[in-house]
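Beneath this line is the structure, given in structure tokens, with notes to follow.
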Amino acid sequence: MTYGLSGRTRRQSWLRPAQLAIVGLAALVGAGCDASARGVGSARPIESVATREPGAPILAIVSLQKQRITIYDADGWILRAPVSSGQKGRETPSGVFSVIQKEREHYSNLYDDAFMPHMQRLTWSGIALHGGVLPGRAASHGCIRMPFDFAESLFEATHLGLRVIVAPADAAPVEVVHPLLLRTKPDTGVSAAARLVEAEEATRRDEQARGVAGQAYREAMQVMIPVRAAENLKARAEARLAASETALAAATSADARQQAEDARAKATANLVELDVKLAAARDELQPKLDALAAAREAAKFAQAARAAAAQAARQAAREHAPISVLISRKAQRLYLRQASETVYESPVTIQDADRPIGTHVFTALERTGEGTGTRWNVVSLGRARPRGDEAERRAPAAQASARDIEVPPAPDSAQAALDRIEMTPEALDRIAGMPPRSSMIVTDEAMSAETGKGTDFVIVLSDEPQGGIKFRRRRPPTEVGYMRSRDRQLYWGPSFRSPFSIW
């Protein structure tokens, strides 16, 4: 989850690195992919869009049915590659995830210290995208293996928070329009970009005020030198005057008295002269001290204004940062998550609550027109296997190949799902005007226990095989113990004895 402001300038700034990485991957595709890139046993090539310049990835869809990953930008698919997902009994769970951790060199703490290069973690319990051997079928222990070179280039192009949908059947985003998605917030007249400009201007003024205060201090210190010198001379003159008065009081002869009186007169005259010089030096110093006090006061206000402007910019950035909304039919609640933290939740009413609503992932793509609207797409997760009585009526052979049976969602199921949702006025206000790269998940499922620190919403489809995710211990970031130093020798254990081994 990256965060950012809306607007073409900000969007282009974070697009450039991703575009460079995608161009590099496209060059790899154009040059042809050898066996090491495709994976042993995989005859399907990596594909890249050739009709336009690709944008930054905003969505990845893994089709368990087709054993393929497809990467999308705001205008459609840009990259495709074969994968190898979890084998029977250790299936890769279907659902909605996001990239929560990236590590170039990762070693499994579950399976013989297996090397998982360019790992992009989806759950803390151990489901991830990474480079690996592709035997042309589902063969992993639950992770999603990709061709090695593809995994490396994709690693450079993606960012934390990238939405990853693991679909039982094939799925693809389609454009969607619905009144709930078109709601806008009243224009406050102050955008996040304007707040950022104000913060930059406040920073400039603060630095300028600090410079003025520094210059005033140096000038005051220069004028302070003669004042200090005059004060020291006056102190010595006062000491001589006191000594002459003491000598005069102790004099016992006329000559001694005369000498003491002469010394006192000289000391008195010197003291008067020094008082004049000190007064003149102080008169010259006082304007400098006044200027220094004013400059310091101005610097103090400028510093406070800088802090306030920076806070306002951060708040505006948060308000314009992508958000995630989850609407759960099972929980009958709406949750709003931002920067990997749930910041709001409220009850919702779903009409005909006993009837399934499906699982749909809506994604805000980009601002339209003058920035008042947003273009959206939706991915609806169909089923790749029959349920309940339907499964019992099928022949054993058909049941064995259940993942090859695609049950696509109805064409209007996403709009129909939104039609059934009734929110509170506060919730409607919260989700109005969601910025690009925001998302809304509408699902029958409850929020997965995998949702937590450092994650976006995680949804696992309960009517699809979940493999080892049910039994794996969820490890939050502070408990991760699989990292090892780069200079440690690679252990080519049992996982690498055969190109078709599982790890």
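The table below lists the values:
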| item | result |
| --- | --- |
| Residues in segment 208-238 that a label on A269 would reach, taking backbone N under 18 Å of a point 7 Å out along Cα→Cβ | 234, 237-238 |
| Global form of segment 143-301, assessed from the alpha-carbon gyration tensor, a/c cut-off 1.5 | prolate |
| Cα pair distances of segment 253-312 binned at 10 Å [whole percent] | 19, 19, 16, 15, 12, 9, 6, 3, 0 |
| Extension reserve of the F301-R218 stretch, reckoned as 0.36 nm per residue once the Cα distance is removed | 27.8 nm |
| Two-decimal Rg/Rh across segment 293-379, once Rg and the Kirkwood Rh are taken from alpha-carbon atoms | 1.24 |
| Solvent exposure of segment 73-143 as accessible area per residue, Å², 1.4 Å probe | 26 Å² |
| Furthest towards positive pole of dipole, G161, A242, A230, structure part segment 145-277, Cβ charges | A242 |
| Partners for K266 among lysines (Cα-Cα distance below 24 Å; same-chain residues under 8 apart left out) | K234, K277 |
| Length released on extending from E261 to R104, taking residue separation times 0.36 nm less the Cα-Cα span | 47.3 nm |
| Extension gain, T342 back to A293 (0.36 nm per residue minus Cα-Cα distance, nm) | 12.9 nm |
| Tensor-based shape of segment 229-358 (alpha-carbon gyration tensor, a/c under 1.5 rounded, otherwise prolate or oblate) | prolate |
| Nearby lysines by direct alpha-carbon distance to K102 (threshold 29 angstrom, same-chain neighbours under 8 apart not counted) | K66, K88, K453, K470 |
| Separation in nanometres of the label points that stand 7 Å from Cα toward Cβ, at A279 and A50 | 9.6 nm |
| Accessible surface of V460 - all protein chains present, 1.4 Å probe, nearest 10 Å² | 20 Å² |
| Equivalent-ellipsoid semi-axes of segment 65-177, from the Cα gyration tensor, Å, largest first | 22, 16, 13 |
| Rule-of-thumb Rg ratio for segment 189-252 [Cα; 2.2 N^0.38 Å; N residues] | 2.55 |
| Other-chain or far-sequence residues with amide H under 5 Å of G373's (modelled H) | T368 |
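The values are calculated or read from the model by the stated rules, or taken from the named source; none is laboratory data. Since the model is a prediction, treat every value here as computed from it, not as a measurement. Because the Cβ atoms are built from the backbone with ideal geometry, glycine has one as well, and the counts that use them run over all protein chains shown. Surface areas here come from the heavy atoms of the whole protein model, side chains and all, with no ligands, DNA or RNA. Shrake-Rupley method; radii C 1.70, N 1.55, O 1.52, S 1.80 Å.
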